[in-house]
Amino acid sequence: MSQEPVAQLVLEKLRALIGDISPDNGFLSNIFQVLEDDPKLFLDQQLPMPLVGIKNTSDQSLRQVHGTSNHSRTFTVVAYVERGQDGQSRQNRLLQDIYRTFYRPDSIELDGTSIAIKTGPAQLDDVNLGTDLLPIYLPITVTFTERNWR
């Protein structure tokens, strides 16, 4: 199995995890759709808020040992909530939900692949900047071991 299929599975799993964020699943926010890139690219489509997307930031092959390869891939979760009344509170709740989804005990399990997730510090723009949206930028590094058996 090559790196790309496993990396694509990891990305799909990350999107599915974020897509599960809803009050019905015990979260504070409700995600209607997870986009494949920065949601700002889709603002003209009148999609329901909050807008959330995951983009691939970097890819690194760490080492190969006896039939396995270790890879590290960094993604960035980009999310926007409407400023409006209680905007900063909704932004904080969404960030909390995103963190919670990646640190569940069963977050990512792929058949035959060991997965580790590490989130970096979130960047939140100042609520007084004057835009209609409040952004969240959260880097996520996923390290996985892949068997190279043929």
Mean Cβ count within 10 Å, highest first, over the residues of peptides 132-138, 72-78: 72-78, 132-138
Separation in nanometres of the label points that stand 7 Å from Cα toward Cβ, at residue 20 and residue 96: 2.0 nm
Formal net charge of residues neighbouring residue 52 (Cβ-Cβ distance under 12 Å; K, R +1; D, E -1): -2
Qualifying lysines (Cα of each under 22 Å from Cα of residue 118; at least 8 residues distant if same chain): 13, 55
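Only the coordinates and a few stated rules stand behind these numbers; no lab work does. Computed from a predicted model, the values in this text were never measured in an experiment. Virtual Cβ from ideal backbone geometry, glycine too; neighbours counted across all protein chains shown.
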